[in-house]
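Have a look at the structure below, then the notes.
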Amino acid sequence: MNTQAIRASQLKTVKFSVIPGHIDSQILLIFGLLAGIGLVMVTSASIGVADELMRDPFYFGKRQFLRLLLGVLLMWMAYRIPTSFWERHGMTLMLSSLFLLALVLVPGVGRTINGSTRWLDLGFFTVQVSEIAKLFLIIYLSGYLIRRSDEIKTGSMGFIKPMIILALASGLLLLEPDFGAAAVLLMTGLGMMFLGGVRFGQFLLFVLGTL
């Protein structure tokens, strides 16, 4: 009877659960809170300017809300893609990110704002390629750490090869210039390599060189 009661309770939990058990509900809650706070702040800070320029006090708030909906849709689409897909196509994503970082520096292609050339103008909206590059490079590095786990822990080339790619991407970011994105990418990459089991001497040497 006790076993049947436990199973019945588990079935009820699964049946009436709003969020699937394999989704981290705490991270999802934090995301929702941050997105909601951001929406309120953008709307509140822009009411006066929007009313003066657009005759609509919620003009920028509405735009932010639509972008938030688009972001949630893209997040759901990314969630539905199996992680094995990202692992198989890590190399393609890495090369695509380097291509985009180089493409934005081509005169007439990249859009310059306040002295920095960081955006691609697609007509109906602009894309900051550094954000795409950071995501793609992290996906590539994650797959690399899994495939070359033994090489990273025992040899030098297993550590040097991904660092060369990160250094190349960071160099392209500095040419935009976008020092913040370059620093975030390098620090994230170094943190992942450290957690991946790289030898401490190599890690420390590269950190000193990076600084």
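The values are calculated or read from the model by the stated rules, or taken from the named source; none is laboratory data. The structure presented is a predicted model; accordingly, all values stated were derived computationally and were not measured. Reconstructed Cβ throughout: ideal geometry from the backbone, glycine too, with neighbour counts over all protein chains shown. Protein only, heavy atoms only, side chains kept; ligands, DNA and RNA dropped before computing areas. Shrake-Rupley method; radii C 1.70, N 1.55, O 1.52, S 1.80 Å.
What the table shows:
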quantity	calculated
Debye, to nearest 20: dipole size of the chain, +1 on Lys, Arg Cβ, -1 on Asp, Glu Cβ	680 debye
Computed FRET value (nearest 0.05) for Phe99 with Leu205, which takes r as the C-beta separation and R₀ as 45 Å	0.90
D_trans [Stokes-Einstein, Kirkwood Rh over alpha-carbon pairs] for the chain, 10 °C, 1.306 mPa s, µm² s⁻¹	77 µm²/s
Inter-probe distance in nm under a simple model that places probes 7 Å from Cα toward Cβ, at Thr154 and Val40	5.5 nm
Axial C-alpha extent at least 30 Å, average Kyte-Doolittle at least 0.5 - helices from the chain (DSSP)	25-54, 59-80
Apportionment of accessible area to carbon and sulfur, the range 133-211, percent (1.4 Å)	76 percent
Distance from the range 27-46 to the range 157-189 (C-alpha centre basis), Å	30 Å
Simple label model, 7 Å out from Cα along Cβ direction - Ile164 to Met91, nm	1.5 nm
Ranked order, Asp56, Asp178, Asp150, Asp51 - accessible area, probe 1.4 Å, largest first	Asp150, Asp51, Asp56, Asp178
Pairs of Cα atoms farther than 12 Å apart, the range 165-204, %	58 percent
